[in-house]
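Below: one structure, written as structure tokens.
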Amino acid sequence: YEVFHLSRTGKARIHGGRPVFPQVPELTPEDVLASHVLIASEHRVLDADAECTLVTWRRARPSSR
């Protein structure tokens, strides 16, 4: 994939949910995405009261030499 949209909220918990990142809690989701050569680009606040954000992670482009 080229793009991953990571949504987070500080005030909601889904008990019994399916984990997307099996490396958590040893790593953060952001650490996992960065380890797969994705770079955080667009940051949006979806709901400030719910502490809900959306960050778009994009695949790093290889440097041309």
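The values are calculated or read from the model by the stated rules, or taken from the named source; none is laboratory data. Keep in mind the model is a prediction, meaning the values are calculated, not measured. Glycine gets a Cβ as well: all are built from the backbone with ideal geometry, and neighbour counts include every protein chain shown. These accessible areas exclude ligands, DNA and RNA; they are computed on the full protein's heavy atoms, side chains included. Shrake-Rupley method; radii C 1.70, N 1.55, O 1.52, S 1.80 Å.
Here are a few things to note about the model shown:
- Considering 40, 12, the condition of being touching a Phe, Trp or Tyr at 6+ places or on another chain (Cβ under 9 Å) and small (Gly, Ala, Ser) is satisfied by 40 alone.
- Test for residue 20: is it of a type outside the set (D, E, K, R), open to solvent by 60 Å² or more (accessible area, probe 1.4 Å) and assigned to a loop (DSSP other than H, G, I, E, B): yes
- Only one of the listed residues (49, 31) is of a type in the set (Asp, Glu) and at pLDDT 95 or above. That residue is 31.
- From 6, 46, 54, residue being touching a Lys or Arg at 6+ places or on another chain (Cβ under 6 Å), surrounded by 10 or more Cβ atoms within 10 Å (Cβ to Cβ) and in a strand (DSSP E or B): 54
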